[in-house]
Amino acid sequence: MKYIYVLEDEPRLQEQIFKALKVSEPDAKIRYFNSIEEFQSWIIQAVKLGNQSLAVGGHSIGLDPDPDPVTQPDDHLMLLISKEEWLGGRHMALIRKTQDMLIRKKICSIEDPTRLVLTAFENPDFDIRLVEDRIICNVIFKPFDDLILQQLLHFALKGHHPASESFVHSVTGEYQVEMTKEVQMEAVSDMGFVTRSPRPIDVGKISKYYGEVFRGRGRIHVMARCISCQPHPEFKNEFQICFSYMGIPSHQISDIRKSMIKRNETEYTGDPVHRPSKSNEKWILLEPDTQRVQKWKEILQKIPTEVISSFETFLFQLDPAASQKSQKEKAWAEGPMMTLTLNAQTQTALKVEPESLQSKKIFGLSFEEFQKQSFLQILHPSSQAKGLALLKSVSPKPELILISVQNQFFLVKILTEPYQKDQKEKVLQITEASDEEKSAWFDINFPNPMKSFCLVISSQFASEERLSFWKELFRVQAEKGMKPRVILLFDQVPSEKYSRELDWVDDLYEDSNEKPYIERKLNWLYFDQGAEMVKSTPYLNACKELIRVANPVDVAELSEAGLVINYYREISLGSFRYFVLPTNQQDSLAEYLANCNYSMPHPTEKNLFQVHFVFFGVTDALLKQIRVWILENYIKEKQKE
């Protein structure tokens with residue numbers, strides 16, 4: 001016979017618990033204890049009589065009278081429900097001894113031990129961490145919500161198996177929540193922070209961190225990238241890990257600075273950053289916006305800088321020879337040489353030889369289209385000065401000139417007659433450059449951007465549609481040992497989902513970030529003078545706060561009672577995890593403690609597991625937030641349809 005013992009002296013609550021239990025276990029015998037002393041008396045009997053004591057322990061209530069209890073050989077105690085004041089966090093040693101006795105006296109089995117559920121009123125003094133233990137099945141707060149009570153007791157009664165019944169509404173779909181873990185911080189600044197960890201973290205990993213130290217208007221979190229992981233100088237077998245913020249609004253930077261001043265912590269003297277650059281290495285700005293270009297030129301100052309203003313030019317510079325071979329258009333349709341006669345004043349085309357080219361394309365344009373623009377207009381910006389000098393030269397020599405029309409590129413050799421003041425026509429003899437000439441010219445004039453120290457890329461060229469291009473490009477370059485540093489520029493901080501895809505990016509800035517801040521951070525991260533800066537003005541303040549790292553997990557099902565996640569590995573039964581339901585505005589951290597109820601292979605996906613967690617000790621306020629989150633995400637899903 002199955003027995004359930006309830007340590008509760010409030011008749012109304014006894015009745016609620018009784019009704020909830022009978023829904024899942026209608027045949028179980030339910031016994032009540034009105035005081036801890038009454039339960040202690042039963043313990044003395046249990047030590048002597050074993051499972052024969054179950055039938056005579058406690059008492060029944062009017063809803064379930066049992067005047068003549070009968071002892072049976074298979075009697076066992078499946079569930080114990082107790083007020084937290086009687087068996088709670090302050091009595092964990094006693095609880096363990098009690099469970100050991102129950103197993104030893106065969107009141108339950110070691111394979112299926114008696115499960116313990118605590119009930120408690122919400123109280124500021126109640127510390128859920130004191131009962132965060134595998135031996136505790138759950139904590140249910142009073143006053144009870146009947147459906148939540150039924151569902152949580154159902155989970156407790158059925159053990160570590162998928163629930164056979166559901167009493168609360170659940171949602172399924174493509175959702176993500178965050179699984180969080182506590183992290184010990186050692187130092188913080190407006191540029192990044194340092195933590196201590198028992199495990200190493202891969203340099204380049206981007207994660208989300210929550211903490212009061214990061215509090216800014218409407219935000220209590222940051223996205224951060226691991227920039228250094230090394231053995232901890234003080235703690236054996238632990239690691240000192242340094243992080244740089246990845247895209248942080250200026251107002252949050254300001255709030256972090258204010259917070260540091262208020263805390264008045266001591267300076268942190270360590271310098272865990274390895275700076276890889278010398279000031280003579282080239283940086284490339286892949287940016288069409290002239291204001292941004294000017295801002296970054298002022299930031300980089302004496303550092304060699306090249307500007308590439310179009311994505312097509314960047315692609316061409318990656319491999320000019322391959323780009324030209326893959327072009328559909330030839331420079332001209334036939335013959336090794338083309339003679340072009342220009343109006344000497346306007347540089348527009350008058351005629352072309354051979355004449356047959358007038359009915360064919362020249363540099364990707366029909367001859368009529370070609371005549372509508374100045375010859376100088378079709379020259380690539382890198383060749384315009386040289387092209388003008390060639391037309392005005394009194395002793396011209398053959399020059400290699402790059403022509404760019406509709407994102408197609410043609411390197412040609414041009415020879416012309418000497419410049420004369422009253423000239424009406426200008427004749428150009430144009431031949432296509434040889435492969436050897438192209439290779440040598442491009443190496444000098446269009447060096448591969450991957451050979452630069454850093455690429456500063458505009459968000460216009462790093463849209464979500466181009467993410468796969470950049471990821472693959474830098475993956476290949478990393479395998480070759482040629483990956484440059486990468487910085488992304490945005491109008492405003494991108495979404496968290498987008499940021500998590502940026503494992504190929506070293507840093508990220510939004511337009512509101514001020515030049516002095518960017519200069520200081522670049523020095524800290526990349527340049528030799530960063531080490532001197534740290535010595536003269538320590539950039540980190542000691543900070544021993546606990547923060548939390550949040551990793552996204554896919555949710556298969558979620559309700560007010562728990563959730564099922566798709567996870568890359570099994571999780572041990574009874575282990576605890578913290579979850580966050582992310583929202584657009586997170587100015588406080590609402591964490592949900594949950595314990596693992598079961599873990600099983602995913603029914604359709606290999607190397608994936610479905611893990612069921614039951615919410616543990618969830619307050620009424622958190623339950624309301626779950627309902628709101630479910631409603632908001634339901635509306636979003638409907639809007640997509």
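The values are calculated or read from the model by the stated rules, or taken from the named source; none is laboratory data. Quick caveat, the model's predicted, so the values are computed rather than measured. Cβ atoms come from the backbone with ideal geometry, glycine included; neighbour counts cover every protein chain shown. Each accessible area value is taken on the protein alone, full model and side chains, heavy atoms only, with ligands, DNA and RNA left out. Shrake-Rupley method; radii C 1.70, N 1.55, O 1.52, S 1.80 Å.
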Kindly list the number of the only condition in (1) assigned to a helix (DSSP H, G or I); (2) open to solvent by less than 50 Å² (accessible area, probe 1.4 Å) that fails for Q45.
(2)
Within the stretch 78-98, residues in contact with a strand residue (DSSP E or B) (Cβ under 8 Å, 6 or more places away or on another chain), open to solvent by less than 40 Å² (accessible area, probe 1.4 Å) and not in a strand (DSSP E or B) come out as E84, L87, G88, I95
Restricting to the stretch 217-241, what's the tally of residues that are in contact (Cβ under 8 Å) with a residue 40 or more places away in the chain and either aromatic (F, W, Y) or in contact with a Pro (Cβ under 7 Å, 6 or more places away or on another chain) (or both)?
5
Hey, does the stretch 361-376 have a residue that's open to solvent by 80 Å² or more (accessible area, probe 1.4 Å), within 17 Å of T341 (Cβ to Cβ) and not acidic (D, E)?
yes
Starting from the stretch 330-343, take each residue that is open to solvent by 40 Å² or more (accessible area, probe 1.4 Å) and list its partners that are assigned to a strand (DSSP E or B) and not basic (K, R), counting only C-beta distances under 6 angstrom and pairs at least six apart or across chains.
M337/T431; N343/L350
Which numbered condition trips up I414, out of (1) more than 19 Å from K438 (Cβ to Cβ); (2) under 56 Å from the mean Cα position of the chain (by Cα); (3) part of a strand (DSSP E or B)?
(1)
When (1) open to solvent by 30 Å² or more (accessible area, probe 1.4 Å); (2) at pLDDT 90 or above; (3) aromatic (F, W, Y) are applied to Y268, the one that fails is (2)
Filter the stretch 616-641 for residues that are assigned to a helix (DSSP H, G or I) and either of a type in the set (S, T, N, Q) or in contact with a helix residue (DSSP H, G or I) (Cβ under 8 Å, 6 or more places away or on another chain) (or both); which is surrounded by the fewest Cβ atoms within 10 Å (Cβ to Cβ)?
Q639
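Condition test on V549, is it touching a residue at least 12 places away in the same chain (Cβ under 8 Å), part of a loop (DSSP other than H, G, I, E, B) and under 25 Å from V131 (Cβ atoms)?
Criteria not met by V549.
This table checks each residue for (1) closer than 19 Å to E182 by Cβ; (2) hydroxyl-bearing (S, T, Y); (3) not in a strand (DSSP E or B).
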residue	(1), (2), (3)
V564	no, no, no
I571	yes, no, yes
F579	yes, no, no
P582	yes, no, yes
L589	yes, no, yes
A594	yes, no, no
S599	no, yes, no
E605	no, no, yes
V614	no, no, no
Unique match (being of a type outside the set (A, V, I, L, M) and within 19 Å of N138 (Cβ to Cβ)) among Q99, Q45, Q52, Q40:
Q99
Please work out if H154 is open to solvent by 80 Å² or more (accessible area, probe 1.4 Å) and touching a residue at least 40 places away in the same chain (Cβ under 8 Å).
no
Could you tell me whether any residue of the stretch 318-330 is at pLDDT 85 or above, under 30 Å from L525 (Cβ atoms) and within 51 Å of the chain's Cα centre (by Cα)?
yes
